[in-house]
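Trainee: Okay, here's the structure, questions in a sec.
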Amino acid sequence: MIYREAGQFKTTYASDQAIFPIVQDRVVVALGVLAVFVLPTRFANEYWLQAILIPFLIYALAALGLNLLTGYAGQLSLGTGGFMAVGAYAAFKLSTAFPSLSIVIVFLLSGLIAALVGVVFGIPSLRIKGFYLAVATLAAQFFLIWLFNKVAWFVNYAPSGTITAPSRTVLGVTVTGPTASAAARYVLALVFVAVFALIAKNLVRGRIGRSWMAIRDRDIAAEIIGVRPLRTKLLAFAISSFYCGIAGAELVFLYLGSAETLAFDIGLSFLVLFMVIIGGLGSVLGSFLGAAFIVLVPIFLTNAPHVMGLSLPVAFQKQLELMVFGGLIIFFLIVEPHGLARLWQITKEKLRLWPFPH
Amino acid sequence: MSARASIVAAVALAASLGAATPASADHEIVIGVQCDRSGPDATVGAPLCAGFRDYVALVNAGNGVEGHRIRAAEIDTESRVPPALAAYERLRGEAAVALALYGTQIYALAPRLAEDRIVATAAGWGPADAANGRRHPYVFSVASAASQAAAAVGFAKHRLGTLKGKKVAFVPDDSPAGREPIAVLEDLAERERFQLKTFAAPSTGATMATLAVDLARRYRADFVIAHLAGRAPSLAIQELARVGYPLDKVIFFVGGSAEADVDAAGGRAVADGYHGLEFAGVGQEFPVLRAIQAMYHAQGRQPPTRMASSVCYNRGVVMAALQVQAIGNAVAARPDGRIIGDDVKAGMEKIRGFTLGGLTPPLEITPTDHEGGGRLQVWQVKGARFVPVTDWFTAYPRVIARHVTAERGAPSR
């Protein structure tokens, strides 16, 4: 990197186990976290917050959840959209049934409900593996969407069948509903992402993460060394669905404002899976990079001709955007099949030796 | 009449504006258009947006609105909500005073429109109570789902003589928006004492073949009312024709009554007899459309082929004309052209007897009725052509009013 790590010796177990063992890394990350909390709320306009940053944070949380399940525990899932829907509908039911309940608690409870549903749909994973498991989780996707479509109780019998985020406050600031400012919604989403990314990072470095990876790499070997497959896999489903459930609740409460089941269709499951694959399977950073790629690149491509002063016909511009986006996905997957996180790691290693690579 | 004269005539007709132009009037007024030129509804969006843009070009080719140019800022949203939200923020950044929406994004945007005070027209789709100006102060629907449901039942009664004891099948899109009219239909079933059964179809139309058999052979429906969009309507027509169900006992809501739906079903011969509800006239025999053609000829160009898809194209023209008319009313009150959404809202609510040369039903928009009366027309495919079989009409206005103003089912806060 541009800074040298020479002279930093790890003399205690604690320093050896730190997430960021290098002092400069710690400083950069601390400054970075401070910056993402302060700068956008001060300087970003409504468009940046509403159209770019908030969806990025929410998709990053969902991608993080799926990455724990698919990237770390090796269980391929196409039910993400369904689990996110569980979180969203649970949050809607809870917040309308108990208006005085803090929205933060509502989100956490909806995550727990999504986790329970995730466990139920994770049970087949003990017998089914790989692509077959993907098909089994696809059943979760279709069943859950069907359920929310059919049972009017979930939408409080609204004839339009949509769920609408009610106005709720945190510490006196309105954070949901149409009157909430984009900055407030951004900060709430950011707090959730920051806390849960930290938890995820520690989970995957610890005993649970290691048992997930053992199951992923060779399940029979893992079983022989004492990892219990049922418990480990179900735990992966539970924690992953918990993350996805919170992301789903945020999607409706902090981003869309109002949604129907269409917002959680199979397309969303694929989108989050693509984020994980492009970002990097089995990497916390990869979840963020993948979400950034999928959310930001189309918006960049939409705005690029406009900014460059090119006036293209709308239909042509859209087709061009889709083509360039598809091309970029293929490009990055050919350059580095292990995702953007691996690219970043290679870059770091090269920079470490730079300018004397030999 | 020369081309130029007819343009001027059309602008005068459409915008009903005086000839006098204030010298300082050079302010550009922005209308945001959310288009579906790509995605599942592209067959609808492409001609619709072309119609919208051509009408705006026609207004600008004349004198604009009292000298103010109109700019239609178009953004493709692929019929998906997240791009629509991003597009909304961009259009808001461009200081759009009005938005044209055509799809389910209206559910997500309605509360924000009220918060940001931006007017939106939502034709054909949207909340059943969008016609209620008190509940959705900034949303103007042209044909709400409630009005369409009532009109469809009214037409069924007209065709069958009486509905008492008859079996009516309702085929909605299997989504909340599709099922929205069920409450109105149930009410009407009780009132007219007919049997109502719902056969929900997924938007891909995948199960249409079994659905058609079920509906025609097992349930033996006397009349079919369908509320579908995208690829589903053409499949429905195709499958109903295949099982031999008489298509002249079928009526589609506005989402499934375009030329594209009929052509995709296998052509006009297959769909002979089928009815569709329309909130804009079909065909090209309207003064404003001739003026658009004249505008193209005057520029030495051929009119776009999109015009042939006249159902959607004409809807685009109607939506644009409605917005231009409202902006015209707003500018009349503020001649410097520095209008905001509230001015356009007031301008909308002043629209009376607006017909665009017969292309739309006479619209009478008031602060409470944002639908402008909710009149519709039934057109039928007959001998490879669309022909009108009714005049503009409304049915069961009291039932609609009860549903539009009902508090029941409003999301609890």
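Only the coordinates and a few stated rules stand behind these numbers; no lab work does. Computed from a predicted structure; not experimentally measured. Here the Cβ positions follow ideal geometry from the backbone for every residue, glycine too, while neighbour counts run over all protein chains shown.
Trainee: Compute the Kirkwood hydrodynamic radius of the stretch A:21-264, taking the inverse of the mean of 1/r over all pairs of distinct Cα atoms, and give it in Å to one decimal.
Mentor: 18.7 Å
Trainee: Sticking with this one: Neighbour counts of other C-beta atoms within 10 Å: give me A:204, B:171 arranged from fewest to most.
Mentor: Ranked by crowding around the Cβ, least crowded first: A:204, B:171.
Trainee: Between B:313, B:88, B:138, find the one with the highest GNM mean-square fluctuation for chain B; connect C-alpha pairs within less than 10 Å.
Mentor: Answer for the Gaussian network model of chain B: B:88.
Trainee: Send over the semi-axes of chain B's equivalent ellipsoid, whole angstrom and largest first, taken as the square roots of 5 times the C-alpha gyration tensor eigenvalues. Intermediate results must be reported in sequence, preceding the final value.
Mentor: Working: eigenvalues 249, 110, 70 Å².
Its equivalent ellipsoid spans semi-axes of 35, 23, 19 Å.
Trainee: Using +1 at the Cβ of each Lys and Arg and -1 at the Cβ of each Asp and Glu in the protein assembly as shown, identify which of A:226, B:213, A:209 lies farthest towards the dipole's positive end.
Mentor: Value computed over the given set: A:226.
Trainee: Shifting gears a bit: Please compute the modelled spin-label separation between residue A:29 and residue B:352, points set 7 Å along Cα→Cβ, answer in nm with one decimal.
Mentor: Each label point is offset 7 Å from its Cα along the Cβ direction, giving 7.0 nm.
Trainee: Can you run the Rg to Rh ratio on the stretch B:141-225? Use alpha carbon positions and the Kirkwood inverse-distance Rh.
Mentor: Working: Rg = 12.7 Å, Rh = 13.2 Å.
In the stretch B:141-225, Rg relative to Rh is 0.96.
Trainee: Moving to a separate point now. In the stretch B:169-277, which trypsin sites (Lys or Arg not before Pro) fall in coil by DSSP and have 10 or fewer other Cβ atoms within 10 Å?
Mentor: B:220
Trainee: Give the separation of the Cα centroids, the stretch B:140-180 to the stretch A:284-309, in Å.
Mentor: About 43 Å separates the Cα centre of the stretch B:140-180 from the one of the stretch A:284-309.
Trainee: Right, something else. Calculated from DSSP H runs of 4 or more alone, at -39500 (n - 2.57) each and per residue, what is the 222 nm mean residue ellipticity of the protein assembly as shown, nearest 500?
Mentor: -16500 deg cm²/dmol
Trainee: Points 7 angstrom from Cα along the Cβ direction at residue B:116 and residue B:159: gap in nanometres?
Mentor: Each label point is offset 7 Å from its Cα along the Cβ direction, giving 4.1 nm.
Trainee: Moving to a separate point now. Give me log10 I(q)/I(0) at q = 0.11 Å⁻¹ for the protein assembly as shown, Debye formula, one equal scatterer per alpha-carbon, no solvent.
Mentor: So the normalised log intensities are -1.23.
Trainee: Using the alpha-carbon centroid of each, what span in Å lies between the stretch B:54-121 and the stretch A:1-79?
Mentor: 37 Å
Trainee: Using only Cα positions of the stretch B:346-398, each an equal point scatterer, no hydration layer, compute I(q)/I(0) via Debye at q = 0.16, 0.19 Å⁻¹ and quote the log10 values to two decimals.
Mentor: Taken in order of the listed q values, log10 I(q)/I(0) reads -0.56, -0.71.
Trainee: Mind checking which of B:292, B:182, B:365 has the largest fluctuation in a GNM of chain B, springs on alpha carbons under 10 Å?
Mentor: The residue with the greatest mean-square fluctuation here is B:182.
Trainee: What does the net charge come to around residue B:60 if you take all other residues with beta carbon closer than 11 Å to its beta carbon, with K and R at +1 and D and E at -1?
Mentor: Charge balance in the 11 Å sphere: +1.
Trainee: Would you please give the FRET efficiency between residue A:325 and residue A:105, computed as 1/(1 + (r/R0)^6) with r the Cβ-Cβ distance and R0 = 45 Å, to the nearest 0.05?
Mentor: Working: r = 38 Å, r/R0 = 0.85.
After rounding, the FRET efficiency stands at 0.70.
Trainee: In square nanometres and to one decimal, what's the mean projected area of the convex hull around the Cα atoms of the stretch B:215-254?
Mentor: Answer in nm², one decimal: 2.7.
Trainee: Could you work out the percent of alpha carbon pairs in the stretch A:178-286 separated by over 24 Å, rounded to a whole number?
Mentor: 37 percent
Trainee: Please state, to two decimals, what the Cα-based radius of gyration of the stretch A:92-156 comes to when divided by 2.2 N^0.38 Å (N = residues).
Mentor: In units of the 2.2 N^0.38 Å rule of thumb, it is 1.37.
Trainee: After finding the eigenvalues of the alpha carbon gyration tensor for the stretch A:1-118, what semi-axes result from the square roots of 5 times each, listed largest first in whole Å? Working shown, then result.
Mentor: Details: eigenvalues 237, 98, 47 Å².
Output for the stretch A:1-118: semi-axes of 34, 22, 15 Å.
Trainee: Compute the long axis of helix B:105-116 from its Cα atoms, compare it with the longest principal axis of the Cα atoms of chain B, and write down the angle in degrees, 0 to 90, nearest 10.
Mentor: Once rounded, one gets 40 degrees.
Trainee: Another question, if that's okay. Counting only other chains, what is the mean number of Cβ atoms within 10 angstrom of the Cβ of each residue in peptide A:174-181?
Mentor: For peptide A:174-181, the averaged partner shielding equals 2.
Trainee: Moving to a separate point now. Over the Cα atoms of the stretch B:28-159, what Rg and Dmax result, in angstrom?
Mentor: 15.7, 50
Trainee: Would you mind putting A:208-215, B:97-104 in packing order, based on average other-beta-carbon counts within 10 Å, highest first?
Mentor: Top of the packing list down: B:97-104, A:208-215.
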